[in-house]
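See below for the structure under consideration.
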């Protein structure tokens, strides 16, 4: 009986000690609507609203659009030898127009093929663009 009383005291005494080491858990689930902060070029143009309004099953369309946007920006960087924020993150209108003309009504499979082609092109120019942007502090 004496040993069981000791065990109860140990268990009861350990509870508060363990609770002290528990991490603080907040019940505040407030969403922070502050603008997203990036490592470089915080004044980027907002992407088209339709990209954020897509049904999850159509998210591939937004992925294709982002890939196309980045490819066209990288082409400009390579052409101009300039990686300023305005060149690296241009307005979306030109890429949006190209997307509407070429891909807006394409199937998921066609988007997949377009993404593969865009990524191949982008990968071919990656090192040159990266060298330009790193030299200017924008990679």
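None of the figures in this text is laboratory data; all of them are computed from the coordinates on show. This structure is a prediction, so every number in the text was calculated from the model and none was measured. Positions of Cβ are generated from backbone atoms using ideal geometry, with glycine treated the same way; all protein chains shown enter the neighbour counts.
Of the conditions (1) loosely packed, with under 14 Cβ neighbours inside 10 Å; (2) touching a residue at least 24 places away in the same chain (Cβ under 8 Å); (3) closer than 22 Å to residue 36 by Cβ, residue 128 satisfies every one except a single condition; which number is it? It is condition (3) that residue 128 fails. The residues of region 50-62 that are surrounded by fewer than 16 Cβ atoms within 10 Å (Cβ to Cβ) and not in a loop (DSSP other than H, G, I, E, B), listed by number, are 50, 52, 56, 57, 58, 59. Selection over region 82-123 of residues that are part of a loop (DSSP other than H, G, I, E, B) and within 21 Å of residue 42 (Cα to Cα) gives a count of 7.
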